[in-house]
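The values are calculated or read from the model by the stated rules, or taken from the named source; none is laboratory data. The structure displayed is predicted, hence computed values, not measured ones. Ideal geometry is used to build each Cβ from the backbone, glycine not excepted, and the neighbour counts take in all protein chains shown. We work out accessible area using only protein heavy atoms, side chains counted, and drop any ligands, DNA or RNA first. Shrake-Rupley method; radii C 1.70, N 1.55, O 1.52, S 1.80 Å.
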Amino acid sequence: MSSETVADCCADGHAGPALKLADALARILAEARPVSGTEVLAVRSALGRVLSTDIVSTINVPSHANSAMDGYALRGADLATEDETRLEVIGIAAAGRPFAGEVGAGQCVRIMTGAPVPLHADTVVMQENVTLDGDTAILSGGQRAGQHVRQAGEDIGAGDVALRTGTLLRPAELGILASLGVSEVSVRRRPRVAFFSTGDELKSVGEPLDTGQIYDSNRYTIYGMLTRLGVEVVDMGVVRDEQGAVERAFAQAAAGADAIVTSGGVSVGDADYVTDTLQQTGSVGFWKVAMKPGRPFAFGHVGDALFFGLPGNPVSVMATFYQLVQPALQALAGMPNPAPPLTVTAVSTESLRKKPGRREFQRGLLTRASDGKLVVSRAGREGSGVLSSMSAANCFIVLPENSGPVAEGEEVTVQPFAAFV
Ligand code: AMP
Ligand code: MG
């Protein structure tokens, strides 16, 4: 057994070693290259997209030294060390309406936040520290030369790389682009992801259920997770548990997609055709990961498309998608190093069952206790089929491969769902 694998712990029909999650992810990311093709979009339309060029600023941001406060602009050299300072008020500067003159020794200008600091002035005293006596401003002691001035180019300098290739454009980046006067940007095209469910028991919403049938919920969670990620989705519906049907679906998906996501049929049951079909029409990278929920999980290629065969159980679908598929799709989208999801430490308010072997993602509810400490309790019922636990939860409780049971009051690692787009 290699160091990348861990022994199977459970008699669930998947004998043999499974890959550790971290190694599975590393193998996937090694194959996930950014899609080729770019397009130029108006800045607002580029929200959620990934830059395909560096953005170099042609201007200083801010463009001029300006006041960070409402107050009075003056020469720092005029400030008395400890005592109050008396200066003549010679004019006013407001945002967008600069003071045209210059500030001489012994003089000051009334200034508003964002107004350019007038010539020869280099310091602002906030209005709360100033009293007026006719045209004389009396500044209280304890001021510091240079204070409350935002320097030109302090945020971004002319010639600076403001945003790098591979940056995901979020609201802050849209604002930065606008602050540079940029109206259009070149972004990578969105990865196209085809997805379908497999299973003879599945009905689509709108159809009546016969005995033994269930509604196909995975296609909805997968749709939601893909759409949140900002990829282009191709919904291929439900595919029957039949070798030919699965093969045809693979071929059709691979023809137009950069990645294929399926659910169900990756086990070793009689009606599980996904891994076999992957082997025959593409290539299998691996198909077992030591995580719970989530084993089995098939990764490979069909033509040029990356293939992710998620398990059928609805909680397994979400857990494997977030841990293994989302980072890969972010890499396809052109993000060079998708940040690993944020984790925090919290105290478990209850004991947790856990057998050494697999990395577990139990559903948790993270809250702050009255003493200020982060605490986590189990959310919803256990079981990889209990999708309501994902709705009740706001985090995964992540229990590492080698961990055993957790006692009440022990610290555990928690992955808030907010990390997942
Ligand atoms: P499978 O991996 O195909 O053996 O499916 C495992 C379990 O997940 C079974 O109980 C299936 O009925 C259920 N399941 C599979 N696909 C879906 C789906 N699209 N929506 C809801 N449940 C599913
Ligand atoms: Mg099935």
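Annotations
- Every test in (1) in contact with a Gly (Cβ under 9 Å, 6 or more places away or on another chain); (2) acidic (Asp, Glu); (3) within 30 Å of residue 49 (Cα to Cα) is passed by residue 122 save one, and that test is (3).
- Residue 400 touching a Gly at 6+ places or on another chain (Cβ under 6 Å) and either open to solvent by 50 Å² or more (accessible area, probe 1.4 Å) or of a type in the set (Phe, Trp, Tyr) (or both): no
- Looking across segment 247-273, the residues that are part of a helix (DSSP H, G or I) and at pLDDT 95 or above come down to 247, 248, 249, 250, 251, 252, 253, 254, 255.
Residues are listed down the side, and each one gets a yes or a no for (1) at pLDDT below 95; (2) open to solvent by 60 Å² or more (accessible area, probe 1.4 Å); (3) of a type in the set (D, E, K, R):
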residue: 1; (1), (2), (3): yes, yes, no
residue: 5; (1), (2), (3): yes, no, no
residue: 15; (1), (2), (3): yes, yes, no
residue: 27; (1), (2), (3): no, yes, yes
residue: 30; (1), (2), (3): no, yes, no
residue: 34; (1), (2), (3): no, yes, no
residue: 40; (1), (2), (3): no, yes, no
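- Some residue of segment 84-91 being open to solvent by 60 Å² or more (accessible area, probe 1.4 Å) and either under 30 Å from residue 341 (Cα atoms) or assigned to a strand (DSSP E or B) (or both): yes
- Some residue of segment 282-293 being surrounded by fewer than 23 Cβ atoms within 10 Å (Cβ to Cβ), in a helix (DSSP H, G or I) and either out of contact with any Ser or Thr (no Cβ under 9 Å at 6 or more places or on another chain) or touching a residue at least 60 places away in the same chain (Cβ under 8 Å) (or both): no
- Residue within segment 171-179 that is over 30 Å from residue 236 (Cβ atoms), away from ligand 2 (no atom under 16 Å from the Cβ) and part of a strand (DSSP E or B) present: no
- Filter pass, residue 377 being more than 24 Å from the chain's Cα centre (by Cα), in a strand (DSSP E or B) and surrounded by 13 or more Cβ atoms within 10 Å (Cβ to Cβ): yes
- Matching residues, segment 278-316, being hydrophobic (A, V, I, L, M, F, W, C), within 15 Å of ligand 1 (Cβ to nearest atom) and farther than 21 Å from residue 363 by Cβ: 278, 287, 298, 308
- Residue check, residue 144 surrounded by fewer than 12 Cβ atoms within 10 Å (Cβ to Cβ), farther than 30 Å from residue 47 by Cα and charged (D, E, K, R): yes
- Residues that are surrounded by fewer than 17 Cβ atoms within 10 Å (Cβ to Cβ) and either touching a helix residue (DSSP H, G or I) at 6+ places or on another chain (Cβ under 7 Å) or not hydroxyl-bearing (Ser, Thr, Tyr) (or both), drawn from segment 92-113: 92, 94, 95, 96, 97, 100, 101, 102, 104, 105, 106
- The residue of segment 183-208 that is surrounded by the most Cβ atoms within 10 Å (Cβ to Cβ), among those that are charged (D, E, K, R) and either over 25 Å from residue 251 (Cβ atoms) or near ligand 1 (Cβ under 8 Å from one of its atoms) (or both), is 188.
- Residue match in segment 122-143 (condition: assigned to a loop (DSSP other than H, G, I, E, B) and of a type in the set (A, V, I, L, M, F, W, C)): no
- Being part of a strand (DSSP E or B) and crowded, with 20+ Cβ neighbours inside 10 Å is a property that does not hold for residue 330.
- Any hit, segment 209-220, residues being surrounded by 15 or more Cβ atoms within 10 Å (Cβ to Cβ), in contact (Cβ under 8 Å) with a residue 24 or more places away in the chain and either in contact with a Phe, Trp or Tyr (Cβ under 7 Å, 6 or more places away or on another chain) or not hydroxyl-bearing (Ser, Thr, Tyr) (or both): yes
- Residue that is nearest to ligand 1 (Cβ to nearest atom), among those in segment 221-246 that are assigned to a strand (DSSP E or B) and open to solvent by 20 Å² or more (accessible area, probe 1.4 Å): 238
- Qualifying residue in segment 304-318 (condition: of a type in the set (A, V, I, L, M), away from ligand 2 (no atom under 16 Å from the Cβ) and farther than 20 Å from residue 385 by Cβ): yes
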